[in-house]
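One structure is given here, and the rest of the page talks about it.
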2 protein chains.
Amino acid sequence: MKLFKKVAIVGVGLIGGSIALAIKKKRLAYEVVGITRHKRTLSLAKKSGTIDRGSQALKIIKGADLLILATPVNTILNLAPAISKIIDSRCIVMDVGSTKEAIVAKLDKIFPQFVGAHPLAGSERRGVINASSSILEDSLCILTPTAKTSATALKMIQVFWKQLGSRVSLLTPKAHDKILSLVSHLPHLAAFSLIETIPAQYLKFSASGLKGTSRVALSDAQLWADIFLTNRKNMLNAIRGFEKNISRLKSAIKNKNKKQLISILEKARNKRERIA
Amino acid sequence: MKLFKKVAIVGVGLIGGSIALAIKKKRLAYEVVGITRHKRTLSLAKKSGTIDRGSQALKIIKGADLLILATPVNTILNLAPAISKIIDSRCIVMDVGSTKEAIVAKLDKIFPQFVGAHPLAGSERRGVINASSSILEDSLCILTPTAKTSATALKMIQVFWKQLGSRVSLLTPKAHDKILSLVSHLPHLAAFSLIETIPAQYLKFSASGLKGTSRVALSDAQLWADIFLTNRKNMLNAIRGFEKNISRLKSAIKNKNKKQLISILEKARNKRERIA
């Protein structure tokens, strides 16, 4: 007996495709169907065996007992009303977006069995072509239940992610967005700003330091604009904190205050050592 | 016939040790001797075969035809006068420091056969224990000759780095420091500031984005304080440019200007794609 009968994944990109592959690898469903706007993605996803069946039309989701929303946030919001008319009211619906407060508030009202999720497994790579079940293994998945969340749906989704090889952590949507603005969204903003600051003709002198520091600036611009704007207030706070710390280092350099400079860098170094 | 008779390396850390190993691997000298302040480093460097002989005292450098200064910048400046009294005036002297303008001006006066070099091969790792000849392979080494530089010494040093597997590029010390403030020193400052901004209790939620973006914050605090201060004016300019770009993104987020946000991120993304 498998965990789900039919899983429908709306948006078969890096994350949607990786989840599909992981479901098939771990045999968690009898059937995985995919919905995508792009003909090419559909053909790639079917040919590679990422999904069993696929369509550009929504009606293929009918009969699913788990529906995963893996498109950009705005697309999720646009499609939600149409989706709710096709699926059964008992179908568990989960989104995998990078911000949670705004979207969970909306989807909680549309779907009776909704659970918000954020697998911290993305990368600067895009598309089903880069999908792999391995990106979910040993990754952290944050679930963001609310007072409205069905306990059974939450339990099923926790089991689902653990079966996929992820660790699961529960946060409120509000706490999620605040924490992620600092540990994920701010690093992306820093990388985009950093690369903007470097004149193109100097890039040929870049070594591993710049490459690593700016790798996430290869991420999709549209997707990240959405993330920054749907987490706007937390982002503005995070940026202000970042600016303050840059300014402290700038002052220490300006004032040739070596002792203070070493103290700031040493403190940052010790904190960084706490991440694996 | 080997390129050098006796190479003396002052400072047997990550870079000094890696150069020693590469010289031995490529058989570029009959003997490699190392000088270090630390007994433990000396014992490690000898036991691992990184150097043929070593000492905590400078007199072992006598008779060298290539002397490599691989200690932090301030130590180089402190030791230079004593070194110049021991070595022959025909000995080629090269430093491998991360900033060049200040140090090259000083060492040009002390050593008649001086060449400034900066192998872009460091990392956040430290010490002879992490040394490896492979970090120099396919890396870029910037040489910073001046009007005073001996053409023969420069030629020898170019051949030396190419034999070690590095590409060689020539820049004035002034151009080097300006370019490196942007492509290397600013990314380090950004990483230190970023890690400072994240509350310690949130670090457990960090994923690959933060890890990559902040990895160089594991670098040595003392070494980087020296680099920031010996490249002070360029650093202040680079920081101002960075602050301006952060501020532009902040405004676009604040004003919910999605079009502008996407345009900035897309431009940065395209520029980042130009680095391998």
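The values are calculated or read from the model by the stated rules, or taken from the named source; none is laboratory data. Since the structure is predicted, the reported quantities are computational estimates derived from the model, not experimental observations. Glycine also receives a Cβ, built like all others from the backbone with ideal geometry; neighbour counts cover every protein chain displayed. Note: areas computed on protein heavy atoms with side chains; ligands, DNA, RNA excluded. Shrake-Rupley method; radii C 1.70, N 1.55, O 1.52, S 1.80 Å.
Solvent-accessible surface of segment A:56-212, averaged per residue with a 1.4 angstrom probe and all protein chains in place: 39 square angstrom.
Normalised by residue count, chain B yields a Cα convex hull volume of 144 Å³ per residue. Sorted from shortest to longest, the distances between the residue A:257 label points of this copy and the other copies are 3.4 nm, with each point 7 Å from Cα along the line through the beta carbon. Taking R0 as 22 Å, what's the FRET efficiency between residue B:273 and residue B:167 from their Cβ-Cβ distance, rounded to 0.05? Working from the Cβ atoms, E equals 0.55. The H on the amide N of residue B:120, modeled in the peptide plane, is under 5 Å from the matching H of B:140, B:141, B:142, each at least 5 residues off or on a different chain. Buried accessible area for the B:A pair, summed, 1.4 Å probe, in Å² rounded to 100? Counting protein atoms only, the buried area is about 8000 Å². For the set B:69, A:223, B:171, the ranking by accessible area, highest first and with no ligand, DNA or RNA atoms included, is A:223, B:171, B:69 under a 1.4 Å probe.
Could you check how much of the accessible area of the protein assembly as shown is carbon and sulfur, as a whole percent, using a 1.4 Å probe? Let's see the in-between values first.
Values: 12000 of 23390 Å².
Result for the protein assembly as shown: 51 percent of the exposed heavy-atom area is carbon or sulfur.
Here each label is just a point 7 Å from Cα along the line to Cβ, and for residue B:137 and residue B:260 those points are 4.9 nm apart. The tail of the calculated P(r) for segment B:84-151 beyond 21 Å holds 35 percent of all Cα-Cα pairs. Using a 7 Å projection from Cα along Cα-to-Cβ, the label point at residue B:109 is separated from the same position in the remaining copies by 7.4 nm, smallest value first. On the principal axes of its alpha carbon atoms, segment B:175-272 extends 41, 38, 22 Å, with the longest extent given first. For the pair segment B:36-72 and segment A:33-78, the centres of their Cα atoms are 63 angstrom apart.
Candidates B:186, B:132, B:17 compared by Cα position along the dipole of chain B: farthest toward the positive end lies B:186, with charges placed on Cβ.
Taking the centroid of alpha carbons for each part, segment A:118-154 and segment A:1-25 are 11 Å apart.
Entry note: segment A:1-134 has Rg to Rh equal to 0.93, where both radii use alpha-carbon atoms and Rh is the Kirkwood radius. If you plug the beta carbon distance of residue A:59 and residue A:175 into 1/(1 + (r/R0)^6) with R0 = 51 Å, you get a FRET efficiency near 0.85. Among B:35, B:72, B:156, whose Cα sits farthest toward the positive end of the charge dipole of segment B:24-176 (+1 at Cβ of Lys/Arg, -1 at Cβ of Asp/Glu, about the Cα centre)? Most positive-ward Cα: B:35. Other residues lying with their Cβ under 15 Å from the Cβ of residue B:180 contribute a combined charge of +3, Lys and Arg counting +1, Asp and Glu -1. For segment B:151-163, backbone phi angles converted through the Karplus equation (6.51, -1.76, 1.60; θ = phi - 60°) give residue-by-residue couplings of 4, 5, 4, 4, 4, 4, 5, 4, 4, 3, 5, 5, 5 Hz, Gly and Pro being listed as x.
Sequence-ordered 3J(HN,Hα) estimates for segment A:259-269 from the Karplus curve with 6.51, -1.76 and 1.60 and θ = phi - 60° stand at 4, 5, 4, 4, 5, 5, 5, 5, 5, 5, 4 Hz, glycine and proline given as x. In order along segment A:127-132, phi translates into HN-Hα couplings of x, 4, 4, 9, 5, 7 Hz, rounded to whole numbers, per the Karplus curve 6.51 cos²θ - 1.76 cosθ + 1.60 with θ = phi - 60° and x for Gly and Pro.
If you take the Cα centroid of segment B:165-204 and the Cα centroid of segment A:179-215, the two points sit 10 Å apart.
Could you please tell me the mean projected area of the C-alpha convex hull for the protein assembly as shown, averaged over all directions and given in square nanometres to one decimal? Walk me through the numbers on the way to the answer.
Working: hull surface 108.7 nm².
If you wrap the Cα atoms of the protein assembly as shown in a convex hull and average its projections, you get 27.2 nm².
In chain B, the calculated helix contribution to ellipticity at 222 nm averages -15000 deg cm²/dmol per residue, counting -39,500 (n - 2.57) for every DSSP H run with n ≥ 4. Could you state the angle between the C-alpha long axis of helix B:14-25 and the longest principal axis of the C-alpha atoms of chain B, as a value from 0 to 90 degrees rounded to the nearest 10? Result, in degrees: 50.
So if I place +1 on the C-beta of Lys and Arg and -1 on the C-beta of Asp and Glu, and nothing else carries charge, what would the dipole magnitude of segment A:1-87 be about its Cα centre? I want it in debye, nearest 20. Roughly 280 debye, rounded to the nearest 20.
At the residue level, residue B:243 shows approximately 40 square angstrom of accessible surface with a 1.4 angstrom probe and all protein chains present. Charging the Cβ of each Asp and Glu at -1 and of each Lys and Arg at +1, and nothing else, the dipole of chain A about its Cα centre rounds to 480 debye. Taking a Cβ cut-off of under 10 Å around residue A:102, the surrounding Lys, Arg, Asp and Glu residues balance to a net charge of +1, with basic ones at +1 and acidic ones at -1.
Here's the picture: a label point sits 7 Å out from the Cα of residue A:43 along the beta-carbon direction, and within segment A:57-72 the residues with their amide nitrogen under 17 Å of it are A:57. Cα axis of helix B:186-197 to longest principal axis of chain B: angle in degrees, 0 to 90, nearest 10? Approximately 60 degrees, to the nearest ten. Taking amide hydrogens as placed 1.01 Å from N in the peptide plane, the amide H of residue A:113 sits under 5 Å from those of A:93, each at least 5 positions away in sequence or on another chain. Amide H to amide H distances under 5 Å link residue B:9 with B:33, B:34, B:35, B:68, where only residues 5 or more positions off or on other chains count and H is placed in the peptide plane.
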